[in-house]
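This report refers to the structure that appears directly beneath it.
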Amino acid sequence: MIYDIKDFLKKFFSSRLFVLSAVMIALAIILIMRVFSLQIVNGAYYQKNFTLQIEETISINASRGNIYDCNGELLAYNELAYAVTITDVFDNSDNKNEELNDQLAKMVSVIRKNGDSLYNDFAITLNSDGTYSYNISGSTLNRFLADVFGKSSYKDLEYNEKFKFNEASATADQIMEYLMSSKNYDVSSDYDTQTAYDIVVIRYAMNANRFSQYKSTTIAQNVSDETVAYMNEHSDELTGVSIEEDTIRKYNYSNYFASIIGYTGKISTDEYDELHKTDDSYTQNDVVGKSGLEQYYESYLRGVNGEQTVLTDNMGKITEVVSTTDSTAGNDVYLSIDAHLQEAAYKLLEQEIAGILYDSVQNGTVSMQDVYFALLNNNVIDINHFTSDSASGNEQALQAQFESHQAQSLSMVENELNSNSPTANNNMSEEMLDYITHIISMLKDNKILLTSEIDDSDNTYTAWKAGTISPKEYLNYCISKQWIDITQLDVDQKYADSSEVYSALCQYILNELKDDKAFSKLVYKYMVNNNEISGTTLCLILFDQGVVNYDEATVNGLSQGSVSPSSFLLDKIKNIEITPAQFGLEPCTGSTVITDVNTGEVKALVSYPGYDNNRLANTVDADYYAKLNEDLSKPLYNYATQERTAPGSTFKMVSSTAGLAEGIISTSSEYNCTGVFNDVSNKPRCWNHSGHGNLNVSEALRYSCNVFFYTVGFNLAKDSTGTYDDPVGIQKIQKYADIYGLDQKSGLEIAENTSAIATQYPVMAAIGQSDNNITTVALSRYVTAVTSGNLYNYQLMNKIVDKDGNELQHYTPQSQDISNVLSQDQWDAIHSGMRMVVEDMSEFNDFAVEVAGKTGTAQQENHPNHALFVGYAPYNNPEVSIATRIAYGYSSHNAAAVSKNILSYYFNAEDPASLIDGVAEEASGVSASND
């Protein structure tokens, strides 16, 4: 046995099998050792290197500084929130679009289902009627079009052969069709309109980051816990999607301060290019101030971004944080504005305007038909909801009526455009003329009718402007002159004759009008005017759509006829349940500025109406933004700093100053007012046709005597030889208007128009007419200068402090001493006249504080007069000045009445609760007044 084993081993070790076995065993040992080394000894190291794709640097946004009022009341701040982001890590395979679009559609569905909204700074808005429109214009729109078509400049845009439109004049609908096509994002027609639009919004934003691999794109901000949970739970199937901590900008007192503070948003390409020139720390994902003080103090508020170096895997997910540099918070800005005074002045102004509107409707100056139509015209009632699945019976019935009248209207238009005996404009019915006017405007807006090509001196064009030819004649002539862009019409450009082009143009017009919201409003207008729509139906729809709180008794009363729609709406106006701004009738806007006359600090700067800047900050609420832009009251416009009208008689202190300083009048000299001024050819009259008799300058201010100031203006225009010369008078009026700063901006850090001082007719300019056009804030600066003898440079910022409370900058208003323009007795004469103005006003009867001021009624053709008041208080020891304008406010006494209420609030002369009760103030009048 032993011998056999030895013999076997001898043969085995000497055989080739031994060599092979030894080699196999050695290899197995090496393999085992290698596996051990890879998996046990260095497993973590190799696993790390296996998953590592790239090292990235991520910017950490700095916390934006807060904004406070003068008393430390918080106005703008940051709130922690979560954002849904996506990184484009999809490969470039043939089905990339399909995979990405399907994932985005699923995410959008979840986000909207949870009540969240998408981050949307896209230049095109999806309207509620399913159409598209631009929400930008000018150079910004040109830049957007160039980016869409991948051109470096707008000038490089050309005719797009594949899609058959001019890229430079492409409509929003054409851009959407282009982006959704297989050439771009290949968005399936199976998606509903909203989802398809959302996909394009996200894809376009992702495309902006295409040159930065692994750079995330924000899909939604400030999302709910439900959305966060869903995204985290489905992270494995949502490629490149992450939940990131974020901060959002929030605003207190939003309606009252929006026109001052503005709002923030994601940086645009133009903003990035501009800001990056001076600060290379800006990134294309930064949030910046878009308007107002947020924009002006951007460099102070934004802070310094930090950064984080991370490792990301092949799916774009962060696997390791390598290093972090913390961000530095922005500085805080304190304003001169008193938040509570600002709020009170806004509410009091709204109450006064509501009172004027109430009186105007009640006495028939504004008809109930105007009120009924305003509900539709200014979108108080959403006409697009009439066709929704949830439309009420009242809405459905009105929609059926509308469709019938719309068909008739379109038939009228079609018959006129194709008539063998077309009607000249000046012979048309009012309704048809409105339709034709809208059609021409629509063709211009859609760049079918090329206004840049039209020759203003052309005889046919002149005849069209005069209304002596028909639209058929005019449009055919436009075709012959190549003023029509036929590339946008359904016609063979090479072979079509003029009749075929005209036929295609008519078809284009009719097709566009069917879905044109503005045309629909015209149809509703004539339905209301023709009593085809009852006021009762409209009032019931207000309940159906939740515009007013549901009240069963009132609904039954309206339905049964025991409550009249006119009394119902008057009640809503009086109680400001539907605001003047919502109606958009005249008046619906106003402004007031309150200033500390001893320091030049602006204590309140109110523009009515305001808007909710929370809905524009961070993620723009596209529907809300579109509604603001359509609103006839123009809430995005700052009426305190941008609206310019004639100042009316508030200008008479300028004329008084000019007359006294130039020696035209003295404090005691008198002019005789007979009710008419006969020294110029048009013989302008005083408001008091019977005349005021002999008056000095103080009495002329008291009675606002036009003839006195006509005479001042006339005598200012006399040259050294005593000859009347218009330019001489205008030059002197401009000189003293300049002394009061009326031809300059006030210095505010927000958007402001420069006032315009009259350039002709010194006689009329002296009473604030001619072509004088002055902002409310300029009137404020002027009356403050009249009061104090100091022309202040206005500024809204009081101080800037860092996060540790260290004051970095403090603003003390700069001023120019103008007290030497007049002697003290001359100033006293002006101030005395202003005091007597107020003493004669019933609005100030028994008022605890002595006020001096001047009213102004400025005329505007075909509109109610503008109402103005400027003043200061207390008379003997001035603290504050006030300047108030109610555009189309009828009587200056209405502006004086609300100014008195604001001053009452300021001086605590009355209980604030009794002043601000949410009920319309009774108007002082709706006709011209003696101012």
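The values are calculated or read from the model by the stated rules, or taken from the named source; none is laboratory data. In this text the structure is predicted, and so the values were computed from the model without any measurement. Counting neighbours? That spans all protein chains shown, and the Cβs are built from the backbone with ideal geometry, glycine included.
Observations, loosely collected:
- Taking the criterion of being modelled with pLDDT under 90, polar (S, T, N, Q) and either buried (at least 19 other Cβ atoms within 10 Å of the Cβ) or under 26 Å from L301 (Cβ atoms) (or both), the only residue of segment 225-254 that qualifies is T247.
- Some residue of segment 828-835 being out of contact with any strand residue (DSSP E or B) (no Cβ under 6 Å at 6 or more places or on another chain), more than 20 Å from I774 (Cα to Cα) and among the β-branched types (V, I, T): yes
- Residue check for V491: of a type in the set (V, I, T) and closer than 18 Å to N166 by Cβ: yes
- If the condition is being free of Cβ contacts under 8 Å to residues at least 24 places away in the same chain, assigned to a helix (DSSP H, G or I) and of a type in the set (A, V, I, L, M), then segment 494-539 contributes V501, A504.
Residues are listed down the side, and each one gets a yes or a no for (1) touching a strand residue (DSSP E or B) at 6+ places or on another chain (Cβ under 9 Å); (2) buried (at least 17 other Cβ atoms within 10 Å of the Cβ):
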{"position": "I730", "(1), (2)": "no, yes"}
{"position": "D738", "(1), (2)": "no, no"}
{"position": "I750", "(1), (2)": "yes, yes"}
{"position": "T754", "(1), (2)": "no, no"}
{"position": "S780", "(1), (2)": "yes, yes"}
{"position": "V783", "(1), (2)": "yes, yes"}
{"position": "Q809", "(1), (2)": "yes, no"}
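- Any chance Y477 is aromatic (F, W, Y), part of a helix (DSSP H, G or I), touching a residue at least 60 places away in the same chain (Cβ under 8 Å) and closer than 29 Å to I436 by Cβ: no
- Checked against (1) of a type in the set (G, A, S); (2) within 18 Å of M180 (Cβ to Cβ); (3) in contact with a Ser or Thr (Cβ under 8 Å, 6 or more places away or on another chain), G150 meets all criteria but (3).
- Some residue of segment 647-665 being in contact with a Ser or Thr (Cβ under 8 Å, 6 or more places away or on another chain), surrounded by fewer than 19 Cβ atoms within 10 Å (Cβ to Cβ) and within 21 Å of V606 (Cα to Cα): no
- Residues within segment 383-427 that are assigned to a loop (DSSP other than H, G, I, E, B) and in contact (Cβ under 8 Å) with a residue 40 or more places away in the chain, tallied: 6
- Long-range neighbours under 8 Å by Cβ, at least six apart or interchain, first residue free of Cβ contacts under 8 Å to residues at least 24 places away in the same chain within segment 270-295, second of a type in the set (F, W, Y) and in a loop (DSSP other than H, G, I, E, B): Y272/Y282; L275/Y282; H276/Y282
- Checking N638 against (1) under 21 Å from L701 (Cα atoms); (2) part of a loop (DSSP other than H, G, I, E, B), the condition it does not meet: (1)
- Members of segment 312-349 that are at pLDDT 95 or above and in a strand (DSSP E or B): D332, V333, Y334, L335
- Filter result for Y46 (modelled with pLDDT of 80 or more, within 60 Å of the chain's Cα centre (by Cα) and of a type outside the set (D, E)): no
- Qualifying residue in segment 861-876 (condition: of a type in the set (D, E), surrounded by fewer than 23 Cβ atoms within 10 Å (Cβ to Cβ) and at pLDDT 95 or above): no
- Positions within segment 232-274 being part of a helix (DSSP H, G or I), under 30 Å from E73 (Cβ atoms) and not charged (D, E, K, R), in sequence order: S254, N255, Y256, F257, A258, S259, I260, I261
- Qualifying residue in segment 154-171 (condition: under 27 Å from D515 (Cα atoms), in a helix (DSSP H, G or I) and not small (G, A, S)): yes
- Per the listing L542, L569, L558, the residue uniquely in contact with a Lys or Arg (Cβ under 9 Å, 6 or more places away or on another chain), assigned to a helix (DSSP H, G or I) and at pLDDT 95 or above is L542.
- Any hit, segment 181-193, residues being assigned to a helix (DSSP H, G or I), touching a residue at least 40 places away in the same chain (Cβ under 8 Å) and surrounded by 20 or more Cβ atoms within 10 Å (Cβ to Cβ): no
- Test for D846: is it loosely packed, with under 12 Cβ neighbours inside 10 Å, touching a strand residue (DSSP E or B) at 6+ places or on another chain (Cβ under 7 Å) and in the same structural domain as L791 (by TED's automatic domain parsing): no
- Residue within segment 355-373 that is of a type in the set (A, V, I, L, M, F, W, C), within 30 Å of V880 (Cα to Cα) and touching a residue at least 40 places away in the same chain (Cβ under 8 Å) present: yes
- In this structure, Y154 does not qualify as among the hydroxyl-bearing types (S, T, Y), touching a strand residue (DSSP E or B) at 6+ places or on another chain (Cβ under 7 Å), more than 23 Å from M231 (Cα to Cα) and without any contact (Cβ under 8 Å) to a residue 40 or more places away in the chain.
- Taken over segment 686-740, the residue count meeting the criterion of being more than 15 Å from I830 (Cα to Cα), within 40 Å of the chain's Cα centre (by Cα) and in contact (Cβ under 8 Å) with a residue 60 or more places away in the chain is 7.
- Output for segment 868-914, where each listed residue is among the polar types (S, T, N, Q) and outside any strand (DSSP E or B): N876, N877, S891, S892, N894, S899, N901, S904, N908, S914
- Test: residue in segment 790-800 that is touching a Lys or Arg at 6+ places or on another chain (Cβ under 6 Å) and either among the charged types (D, E, K, R) or surrounded by fewer than 19 Cβ atoms within 10 Å (Cβ to Cβ) (or both): no
- When A883 is tested against (1) within 21 Å of L585 (Cα to Cα); (2) small (G, A, S); (3) modelled with pLDDT of 95 or more, just one condition goes unmet, and that condition is (1).
- Scanning segment 906-923 for any residue that is at pLDDT below 95 and crowded, with 24+ Cβ neighbours inside 10 Å turns up at least one such residue.
- L616 meets the stated requirement of being over 30 Å from L868 (Cα atoms) and surrounded by 17 or more Cβ atoms within 10 Å (Cβ to Cβ).
- Restricting segment 580-604 to residues that are among the hydroxyl-bearing types (S, T, Y) and assigned to a loop (DSSP other than H, G, I, E, B) leaves a set whose member that is farthest from L335 (Cα to Cα) is T589.
- Number of residues in segment 228-269 that are without any contact (Cβ under 8 Å) to a residue 40 or more places away in the chain and either under 13 Å from T218 (Cβ atoms) or aliphatic (A, V, I, L, M) (or both) equals 2.
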